[in-house]
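Laboratory data are not the source of any read-out in this text; all were calculated from the coordinates shown. Nothing here was measured: the structure is a model prediction, and the numbers come from that model. No Cβ is skipped: glycine too gets one built from the backbone with ideal geometry, and neighbour counts run over all protein chains shown.
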Amino acid sequence: MKVRTGFVSNSSSTSFCICGAYFEKEEIIKLCKKRGIEEDWDEGSDLAKLVDLEYEHDEGNYGGYIGLSPDKIGDHETGKEFKERIFAGIKKLDPNVKLKGIDYHTEGWYDG
């Protein structure tokens, strides 16, 4: 049996699961500018990579999630430690960032 744990995409459907924090479009633009990253706000992946995290923009294109895919949890890492690692990475981007919390988010849609 084959199990896929990464991002799944094809021409008719897309889905993702990430553990992280949601950022509004304006917040992502602000963080990119602070770090000297000139890119479209919906391409926050360069920003997230600076602190070994991942970025997924939301379907409505109003913002996105900075965090990690659940398959990145360490073998001996608890769920709490995993969330703390993500929190620490986000705080490296901006120590003054206000977070509503670190949680799991799953999104999927069909374009057919």
Assigned charges on the beta-carbon of Lys, Arg, Asp, Glu; segment 60-101 dipole about Cα centre (debye): 260 debye
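Taking neighbour counts of Cβ atoms within 10 Å as a proxy for exposure, in what order, fewest first, do ILE66, ILE102 appear?
Ranked by crowding around the Cβ, least crowded first: ILE102, ILE66.
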Rounded FRET efficiency, nearest 0.05, which uses the C-beta distance separating LYS49 from LYS80 and R0 of 35 Å: 0.90
Placed amide H near GLY63: partners under 5 Å, 5+ positions off or other chain: LYS25, ASP58
For TYR104, TYR55, order by how many other beta-carbon atoms lie within 10 Å, fewest first: TYR104, TYR55
